[in-house]
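Trainee: Mind looking over this structure? Questions follow.
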Amino acid sequence: MERSPAPDIRLTPWSEGDFDLLVRHNAPEMTAHLGGPESDEKLLDRHRRYVGLEGSRSGWMFRIATGPEGKPAGIVGFWETAHRGEDVWEAGWGVLPEFQGQGIAAAAVRLVVAEARGTQARRHLHAFPSVENAASNGVCRKAGFVLLGEEDMEYPKGHWMRCNDWRIDLTQE
C-alpha cells in the first residue's frame, strides 16, 4: 500500500488556545504506550508546563499544523533531561488518528530536530518510544535517529516500560 507524501507541515509554538488539542491527545488510543490517559488535573498541569516552556530555554512544545488552513494535526516538542550523566534534549510527539499514516509525524520530528539543533544548547536529542510502539520507532528511523538499544524507563511515575533509546547528534547535519 502506498502512502501519500506528507502534506504541508509547520510547527506553531504551543499557546493557551491549544488545550483542546491536548485533550484530544489524551485519548486511550493516543496514550496506550504512555501509561494511559492522564487525569484532568494532570492534563491541566501539562498544558501549563507546555505554555511555560515558551522563551524558557528549557524546551519547546509545538502544535503540528498541516495544510494551507493550518489544521491542528498533533503535538511535538523537546525538553531538557539528564540521561546517563549527560544533559540532553528529549523529544516527544503524537499525531491525531485522522492524520496518521501520512508522514506527518516524521516530517514534524525532522522540523523539531532542526529547532533543537538551532538552540546550540545540547549535543544530543533522544527519543524513548516503547519497544512495542512500531509507529514511533519508525518515526525515529525516518527522522535520522540512531538506535542505541533498549532500556527500562519509568513513565509516567509508577509505570515502568521497556523503551528504545534513539539519539541524533545535533552537531552533525
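The values are calculated or read from the model by the stated rules, or taken from the named source; none is laboratory data. The model shown is predicted, which means the values in this text are computed figures rather than measured ones. When we count neighbours, we look across all protein chains shown, and the Cβ atoms used for this are built from the backbone with ideal geometry, even at glycine.
Trainee: Does segment 17-42 hold any residues that are closer than 30 Å to Q120 by Cα and not small (G, A, S), and which are they?
Mentor: Result: D18, F19, L21, L22, H25, L34.
Trainee: Just name the residue that is surrounded by the fewest Cβ atoms within 10 Å (Cβ to Cβ) out of those in segment 62-81 that are under 15 Å from S15 (Cα atoms) and of a type in the set (V, I, T).
Mentor: Only one residue fits best here, namely I75.
Trainee: Only one of E90, E54 is in contact with a Phe, Trp or Tyr (Cβ under 8 Å, 6 or more places away or on another chain), closer than 16 Å to Y155 by Cβ and of a type in the set (D, E); which?
Mentor: Only one candidate passes the filter, namely E90.
Trainee: Does G36 qualify as being at pLDDT below 90, in a loop (DSSP other than H, G, I, E, B) and out of contact with any Cys (no Cβ under 6 Å at 6 or more places or on another chain)?
Mentor: yes
Trainee: So which residues in segment 51-79 are out of contact with any Pro (no Cβ under 8 Å at 6 or more places or on another chain) and assigned to a strand (DSSP E or B)?
Mentor: Across segment 51-79, the qualifying residues are G59, K71, P72, A73, G74, I75, V76, G77, F78, W79.
Trainee: Select, from A143, A107, the only residue that is of a type outside the set (D, E, K, R), more than 24 Å from K42 (Cβ to Cβ) and free of Cβ contacts under 8 Å to residues at least 60 places away in the same chain.
Mentor: Going through A143, A107 in turn, just one is of a type outside the set (D, E, K, R), more than 24 Å from K42 (Cβ to Cβ) and free of Cβ contacts under 8 Å to residues at least 60 places away in the same chain: A143.
Trainee: Search segment 153-164 for residues that are at negative phi and pair each with any residue that is assigned to a loop (DSSP other than H, G, I, E, B) and of a type in the set (V, I, T) when their beta-carbon atoms are under 8 Å apart and the residues are at least 6 apart or on different chains.
Mentor: Here the result reads R162/V131; C163/V131; N164/V131, each pair linking segment 153-164 to a residue that is assigned to a loop (DSSP other than H, G, I, E, B) and of a type in the set (V, I, T).
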